[in-house]
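Enquirer: Sending over a structure as structure tokens; questions will come in a sec.
The values are calculated or read from the model by the stated rules, or taken from the named source; none is laboratory data. No experiment lies behind these values; they were computed from the predicted model shown. Every residue, glycine among them, receives a Cβ derived from its backbone with ideal geometry; neighbour counts consider all protein chains shown.
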Amino acid sequence: MSRSLFKPLLVLILAGLAAMVLSVGTGSVSVPPGQVLAVILGEGSNLQQTLVLELRLPRTLSAFATGGLLAVAGALMQVLLRNPLADPYVLGLSGGAAVGALLAMLAGLGGMIVSGSAFAGAMLATLMVFGLAHGTGSWTPSRLLLTGVVVAAGWGAVITLMLAISPAQRLPGMLYWLMGDVSYARSPWPALVLLFLVCLLVVPLGRSLNVLARGPMQAAALGVSVRPLEWTIYILASLLTATAVTMAGSIGFVGLVVPHMLRLVLGNDQRLILPACALAGGTLLVLADTLARVVIAPEQLPVGVITALLGVPTFLYLLYRSR
């Protein structure tokens, strides 16, 4: 990667660090940026250490990991399907995860079992879409996309049925999960490690992804192994999306808006776009989660509401800019 490609990544790294410091220091008890750094280094009062290290920092890191996972998955899906409107949820993964999580909630389970059920549901949706799209022959991007849209509609119908027959006392928690929220996310480290490893894996594939984005025939003519590369993209995007949905529920627009925004600014080189998506998506969701915590304090909004409110006008503006 040339030195010119490192400059935008350095700017995004600094922006991400600034967003995390702002998020950790913002709340009912403010912690100045200098004190945030001091607490991370092992100093500060007991109250500040509890606020920063036990409450706010894990949530902030979870938001960053979730946003990065969704943005990278969205960029990969757009390359795989050659469709600029593709997002991480277009193949029905979020619907499968939601059904798994809601079934666990209906059974009165919680905690890790809900997260595990959501991950299992997402993986089931992945296998279902791939199996139906593949059929007895090979699949094409258009066939995969249509199959995913139909499967997603089916999951949506199941979710509606489950909400209709659920006991009234369980509905608030189920609806809150469906709107997307990072307040109940567990340890952020597995998701951060996965995000880092996937970026390390896909950046060397950047040249092949650049060619594949122009079409499978051109990619094959230039020596790219098209089918194994498409399988790799699909598996990685599914794994990223399943992990993100397991952590925070269905958070929309991050995987759709962030890749478009970066392409307008940085071009369409996947060697730069994919790591930039990880940083920009994480930064965006950290800022959205910070806003969700303070806009109607002491109450909190689901972060999915904030991303939708920010994503719709942003995407319309990007469409207007790219005419």
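Enquirer: Taking segment 245-271 as the search range and keeping residues that are out of contact with any Gly (no Cβ under 8 Å at 6 or more places or on another chain) and of a type in the set (A, V, I, L, M), which one is surrounded by the fewest Cβ atoms within 10 Å (Cβ to Cβ)?
Expert: Among those that are out of contact with any Gly (no Cβ under 8 Å at 6 or more places or on another chain) and of a type in the set (A, V, I, L, M), it is Val265.
Enquirer: Give me the pairs: first residue in segment 1-24 and over 25 Å from Leu201 (Cβ atoms) and modelled with pLDDT of 90 or more, second residue of a type in the set (Gly, Ala, Ser) and crowded, with 17+ Cβ neighbours inside 10 Å, beta-carbon distance under 9 Å, and six or more apart or on different chains, which are they?
Expert: Ala19/Gly282; Ser23/Ala63
Enquirer: Right, another one. Among the residues of segment 281-291, write down those that are crowded, with 24+ Cβ neighbours inside 10 Å and aliphatic (A, V, I, L, M). Give the steps one after another, and end with the answer.
Expert: In the first step, residues of segment 281-291 are kept if they are crowded, with 24+ Cβ neighbours inside 10 Å; the result is 281-286, 288-290.
Matches in segment 281-291: Leu284, Leu285, Val286, Ala288.
Enquirer: Any chance segment 294-301 includes a residue that's without any contact (Cβ under 8 Å) to a residue 12 or more places away in the chain and either crowded, with 16+ Cβ neighbours inside 10 Å or part of a helix (DSSP H, G or I) (or both)?
Expert: Yes, the conditions are met somewhere in segment 294-301.
Enquirer: Starting from residues that are assigned to a helix (DSSP H, G or I) and of a type in the set (Ser, Thr, Tyr), keep the ones in segment 127-154 and report whichever is modelled with the highest pLDDT.
Expert: Thr147
Enquirer: While we're on this one: Six or more apart or on different chains, Cβ atoms under 6 Å: show the pairs whose first residue is in segment 249-278 and more than 19 Å from Thr66 (Cβ to Cβ) and whose second is β-branched (Val, Ile, Thr) and outside any helix (DSSP H, G or I).
Expert: Pairs that qualify, where the first residue is more than 19 Å from Thr66 (Cβ to Cβ) and the partner is β-branched (Val, Ile, Thr) and outside any helix (DSSP H, G or I), are Arg271/Val203.
Enquirer: Let me ask something else. Name the residue, out of Ala191, Ala157, that is under 17 Å from Ala71 (Cα atoms), of a type in the set (Gly, Ala, Ser), modelled with pLDDT of 90 or more and part of a helix (DSSP H, G or I).
Expert: Only one candidate passes the filter, namely Ala191.
Enquirer: Cβ-Cβ distance below 7 Å, separation of 6 or more or different chains: which pairs start in segment 96-125 with a residue that is within 26 Å of Thr147 (Cβ to Cβ) and end on one that is outside any helix (DSSP H, G or I)?
Expert: Ala98/Ser250; Ala125/Gly92
Enquirer: Same structure again: Does any residue of segment 85-101 turn out to be within 20 Å of the chain's Cα centre (by Cα) and charged (D, E, K, R)?
Expert: Taking segment 85-101 and keeping what is within 20 Å of the chain's Cα centre (by Cα), we get 85-101.
Applying the additional criterion that residues be charged (D, E, K, R) yields 87.
Yes, segment 85-101 contains a residue that is within 20 Å of the chain's Cα centre (by Cα) and charged (D, E, K, R).
Enquirer: Could you count how many residues in segment 84-113 are β-branched (Val, Ile, Thr) and surrounded by 21 or more Cβ atoms within 10 Å (Cβ to Cβ)?
Expert: Total meeting the criteria: 2.
Enquirer: Regarding Leu81, is this residue within 28 Å of Gly311 (Cα to Cα), buried (at least 21 other Cβ atoms within 10 Å of the Cβ) and more than 17 Å from the chain's Cα centre (by Cα)?
Expert: yes
Enquirer: Please go through segment 157-192 and pick out each residue that is over 17 Å from Ala248 (Cβ atoms) and within 14 Å of the chain's Cα centre (by Cα).
Expert: Within segment 157-192, no residue meets the criteria.
Enquirer: Filter segment 102-133 for residues that are closer than 20 Å to Ala185 by Cβ and in contact with a Gly (Cβ under 7 Å, 6 or more places away or on another chain) and give the result.
Expert: Met105, Ser117, Ala118, Ala120, Gly121, Ala122
Enquirer: So, restricting to helices (runs of 4 or more DSSP H) that lie completely within segment 28-107, which ones have at least 3 residues that are touching a helix residue (DSSP H, G or I) at 6+ places or on another chain (Cβ under 6 Å) and modelled with pLDDT under 85?
Expert: 33-40
Enquirer: Would you confirm whether any residue within segment 222-237 is surrounded by 15 or more Cβ atoms within 10 Å (Cβ to Cβ), over 23 Å from Asp269 (Cα atoms) and touching a helix residue (DSSP H, G or I) at 6+ places or on another chain (Cβ under 8 Å)?
Expert: No: segment 222-237 contains no residue that is surrounded by 15 or more Cβ atoms within 10 Å (Cβ to Cβ), over 23 Å from Asp269 (Cα atoms) and touching a helix residue (DSSP H, G or I) at 6+ places or on another chain (Cβ under 8 Å).
Enquirer: Here's something else I'd like to know. Out of all the residues in segment 204-255, which are within 30 Å of Leu309 (Cβ to Cβ) and part of a loop (DSSP other than H, G, I, E, B)?
Expert: Gly249, Ser250, Ile251, Gly252, Phe253
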